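Undergrad: Just passing along the structure, written as C-alpha cells.
The values are calculated or read from the model by the stated rules, or taken from the named source; none is laboratory data. Only a predicted model underlies this, so the values are computations on that prediction, with no experimental measurement involved. Quick reminder, even Gly has a Cβ in these numbers, built from the backbone with ideal geometry, and neighbours come from all protein chains shown.
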Amino acid sequence: MVDGKRIKNYVIFALIFVIIVMTVAIVVLAYNNPTFLSGGSNGGNGNGDASWKVEFTDIKVVGISGNAQNASMPHYESTHAYFDVNFELPNDSITYEITISNLGLLDAKLSSIDRIEGNIDFINYYVEGLKEGDVLKAGETKTIIIRVAYELDTNISAVNKVSEPISLSFYFEQA
C-alpha cells in the first residue's frame, strides 16, 4: 500500500512539473514571437492577430514654388498618395507633408516606394523623412515630406503648362 501511494505521488508530481514546463515554454514563445498565439497573420485581418497596420493619416500642402497648382486636392488611401499637379514653367514644385502611422502591434519596414501613375520624365518626386529599409515601430507616427517638381534638363526645350496625375505607393513588410 505504501509503494502504491508513493508511485501515485510521483505521477502527480510529474504531471504538475510537465504542466509548469509547458506553461513556461508557451510564455517564452509568445514573448519572443507575438504572432505565436494568434496564428501569425502578417497583414492582419481584424481578428486580434498581431500585425503591422501602416497607413497615411494626413496630407497637406506646405509649399508651392513658382506657378505650380494642385489640379485637385491631394488625397490618400492606406499607403497610397495621389497628387494631381499643374506646372507652368520648369522649376515649379509643390511640397506636401504626409503623416504616416503604424497602428499595428508589430514593427514594419518600408520595402519600396513605387510611382504608379505619372509617366512624364521631367516630373520628379522626392521623399524626405523615410527611405527604403527604414523601420516604423509599432505605434509610431512619422511626418514625411514629398516634393513633386517640374525639372528639365538644360538640353531640352521647356514645355509649358504641364498637368500630371501622380500616385505614389509605399509598401511595407514585417521588420
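Undergrad: May I ask you to verify whether residue 89 is part of a loop (DSSP other than H, G, I, E, B) and modelled with pLDDT of 90 or more?
TA: Answer is no for this residue.
Undergrad: Additional query: Restricting to region 54-110, name every residue that is over 20 Å from residue 126 (Cβ atoms) and hydroxyl-bearing (Ser, Thr, Tyr).
TA: 57, 72, 78, 101
Undergrad: Residues to consider are 64, 98; find the one that is surrounded by 16 or more Cβ atoms within 10 Å (Cβ to Cβ), in contact with a strand residue (DSSP E or B) (Cβ under 7 Å, 6 or more places away or on another chain) and part of a strand (DSSP E or B).
TA: 98
Undergrad: Among the residues of region 118-147 satisfying the criterion of being of a type in the set (Phe, Trp, Tyr) and closer than 14 Å to residue 98 by Cβ, which is modelled with the lowest pLDDT?
TA: Once the filter is applied, the top-ranked residue is 125.
Undergrad: Another question, then. Restricting to region 70-89, name every residue that is touching a residue at least 24 places away in the same chain (Cβ under 8 Å), of a type outside the set (A, V, I, L, M, F, W, C) and farther than 22 Å from residue 103 by Cα.
TA: 70, 84, 86, 88
Undergrad: Of the conditions (1) surrounded by 14 or more Cβ atoms within 10 Å (Cβ to Cβ); (2) modelled with pLDDT of 90 or more; (3) farther than 18 Å from residue 169 by Cβ, residue 76 satisfies every one except a single condition; which number is it?
TA: The single condition residue 76 does not satisfy is (3).
Undergrad: Just to verify a result, which residue in region 131-146, among those that are without any contact (Cβ under 8 Å) to a residue 40 or more places away in the chain and surrounded by 12 or more Cβ atoms within 10 Å (Cβ to Cβ), is nearest to residue 109 (Cα to Cα)?
TA: 134
Undergrad: Consider residue 150 carefully, then state whether it is surrounded by 13 or more Cβ atoms within 10 Å (Cβ to Cβ) and modelled with pLDDT under 90.
TA: In short, yes.
Undergrad: Please indicate, with yes or no, whether at least one residue in region 114-122 is on the phi < 0 side of the Ramachandran plot, buried (at least 17 other Cβ atoms within 10 Å of the Cβ) and not polar (S, T, N, Q).
TA: No, region 114-122 has no match at all.
Undergrad: Can you report the number of residues in region 101-119 which are part of a strand (DSSP E or B) and within 26 Å of residue 161 (Cβ to Cβ)?
TA: Of the residues in that region, 3 qualify.
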